[in-house]
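Inspection log for the structure reproduced underneath, given as structure tokens.
The values are calculated or read from the model by the stated rules, or taken from the named source; none is laboratory data. Owing to the predicted nature of the structure, the values given are computational and were not obtained by experimental measurement. Reconstructed Cβ throughout: ideal geometry from the backbone, glycine too, with neighbour counts over all protein chains shown.
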Amino acid sequence: MNTSKLVMVLLFISSTIFSYSQQTITAKNVEAILYLGKGKKQPLIVGLGGSEGGNAWTGDYWKKTREEFIEKGYAFLAIGYFGCKNTPAILDKIAIEDIHNAILEATKNKKINKKKIAIIGGSRGGDLALLTASYYKDIKCVIALVSSHAVFPGHTQEFNSSCWTFEGTELPFIPVNEEAVPFLMKGDLRGTFEAMLKDKIAEEKSVIKVENIKASILLLSATKDEVCPSTPMAEKMISRLKTFNFKYQYDHIPIDGSHTEPLKRFDLVFDFLNKNFK
């Protein structure tokens, strides 16, 4: 067999072994794309991007990882919640129920196992993943990468509103205080967050109630995070889970490196899912 024929055979075999379909999910205020493999009753992974906006999981950067989920037997729902067509323009007052409604619409597909829903998000998307699972009990696994343990302001010029709302009410958030302003002006995001977190009263009011989650939880943080103190934040969430005698599996794995380093460790994500979800 000559080389060209061999290549054609290999490509045919490859396409036969792995193929998937794509479906646009109609839901209010979000862009939602569902990727499906061939199996029946596929567990659903919901992917949320961060403060970069758009629908990150539909792009080329995450294509390989997204397809790895599908190869492993999962369906994948990529949700863009701001910066997409027909979504809010900026990260401000995003309705948590809009995310959940998109998930419910996706589970109407007969190939989806409605009882097996996991949600994964990075940075602000990690916050949203934790919040969604804290309000909705049908989420069975949460994976938050370099996420916060509390709610912060929306990305408006004045920073005077919350990132998130639930049923029409803004969630309490930690405000930008006077001490944080100089850090913010010079673009020192880590310093900005650390100054804001000195407001302990606001922090306690704004904390994400991870103890209300009815699912296994994996936190990945960055030990040299230049954006936010993600490792100390994750440690606070673990401490809170211990205080409330959280009965589901939970792990925190600090990754040595900057804010994006944990995004390279999906081997840990797949391992956790295999042991605690699939």
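Overview of results
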read-out	value
Matching entry among K186, K209, K214 (being without any contact (Cβ under 8 Å) to a residue 60 or more places away in the chain, among the basic types (K, R) and surrounded by fewer than 16 Cβ atoms within 10 Å (Cβ to Cβ))	K186
Hey, I217 out of contact with any helix residue (DSSP H, G or I) (no Cβ under 6 Å at 6 or more places or on another chain) and closer than 16 Å to S147 by Cα or not	yes
First in region 257-274 and without any contact (Cβ under 8 Å) to a residue 40 or more places away in the chain and closer than 17 Å to S230 by Cα, second anywhere and among the small types (G, A, S) and surrounded by fewer than 18 Cβ atoms within 10 Å (Cβ to Cβ), Cβ under 9 Å, 6 or more apart	K264/G257
Which listed residue is closer than 30 Å to P43 by Cα and in a helix (DSSP H, G or I), from E211, E203	E211
Residue ID - farthest from P175 (Cα to Cα), chosen from residues in region 214-258 that are touching a Ser or Thr at 6+ places or on another chain (Cβ under 8 Å), among the aliphatic types (A, V, I, L, M) and assigned to a helix (DSSP H, G or I)	A234
Some residue of region 28-37 being closer than 23 Å to L263 by Cβ, touching a Pro at 6+ places or on another chain (Cβ under 8 Å) and assigned to a strand (DSSP E or B)	no
One residue from Y81, Y61 being surrounded by fewer than 17 Cβ atoms within 10 Å (Cβ to Cβ) and of a type in the set (S, T, Y)	Y61
Residue match in region 83-98 (condition: in contact (Cβ under 8 Å) with a residue 60 or more places away in the chain and in contact with a Lys or Arg (Cβ under 6 Å, 6 or more places away or on another chain))	yes
Residue in region 113-131 that is in contact with a strand residue (DSSP E or B) (Cβ under 9 Å, 6 or more places away or on another chain), in a helix (DSSP H, G or I), within 30 Å of K38 (Cα to Cα) and of a type in the set (S, T, N, Q) present	no
Verdict on E52 being out of contact with any helix residue (DSSP H, G or I) (no Cβ under 6 Å at 6 or more places or on another chain), of a type in the set (D, E) and modelled with pLDDT under 95	yes
Positions within region 246-270 being more than 18 Å from H149 (Cβ to Cβ), surrounded by fewer than 18 Cβ atoms within 10 Å (Cβ to Cβ) and not basic (K, R), in sequence order	Q249, D256, G257, S258, T260, D267, L268, F270
